[in-house]
């Protein structure tokens, strides 16, 4: 991981109070845009309650859906997919770090 990515990750972890997850990232983007959950969920084509579950870490997101979210929001597909995969790896109890690069 390069220095810029590392410092960005550390900043986000400090801002969100823990490791960066896709849910925390979505919540940070939503709050930064001053959007309600209902407004933001509409952009992602999901229900408000589903968005809430994702933000709170109660629902996993598939890599495909993470990529769709990234495109809908104009963000990096690689980062969103990486976070979605990392959540799946963490849920499986594996002590592994996921890294995604463009093919």
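What the table below lists for this structure:
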{"quantity": "Positions within the stretch 85-98 being in contact with a helix residue (DSSP H, G or I) (Cβ under 7 Å, 6 or more places away or on another chain) and surrounded by fewer than 18 Cβ atoms within 10 Å (Cβ to Cβ), in sequence order", "calculated": "96, 98"}
{"quantity": "Which listed residue is at pLDDT 95 or above and under 19 Å from residue 17 (Cα atoms), from 39, 86", "calculated": "86"}
{"quantity": "Filter pass, residue 69 being surrounded by 15 or more Cβ atoms within 10 Å (Cβ to Cβ) and in a helix (DSSP H, G or I)", "calculated": "yes"}
{"quantity": "Which listed residue is in contact with a helix residue (DSSP H, G or I) (Cβ under 6 Å, 6 or more places away or on another chain), in contact (Cβ under 8 Å) with a residue 12 or more places away in the chain, surrounded by 14 or more Cβ atoms within 10 Å (Cβ to Cβ) and assigned to a helix (DSSP H, G or I), from 82, 78, 27", "calculated": "27"}
{"quantity": "Scope the stretch 47-66; condition farther than 17 Å from residue 20 by Cα and surrounded by 15 or more Cβ atoms within 10 Å (Cβ to Cβ); matching residues", "calculated": "50, 65"}
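The values are calculated or read from the model by the stated rules, or taken from the named source; none is laboratory data. Owing to the predicted nature of the structure, the values given are computational and were not obtained by experimental measurement. Counting neighbours? That spans all protein chains shown, and the Cβs are built from the backbone with ideal geometry, glycine included.
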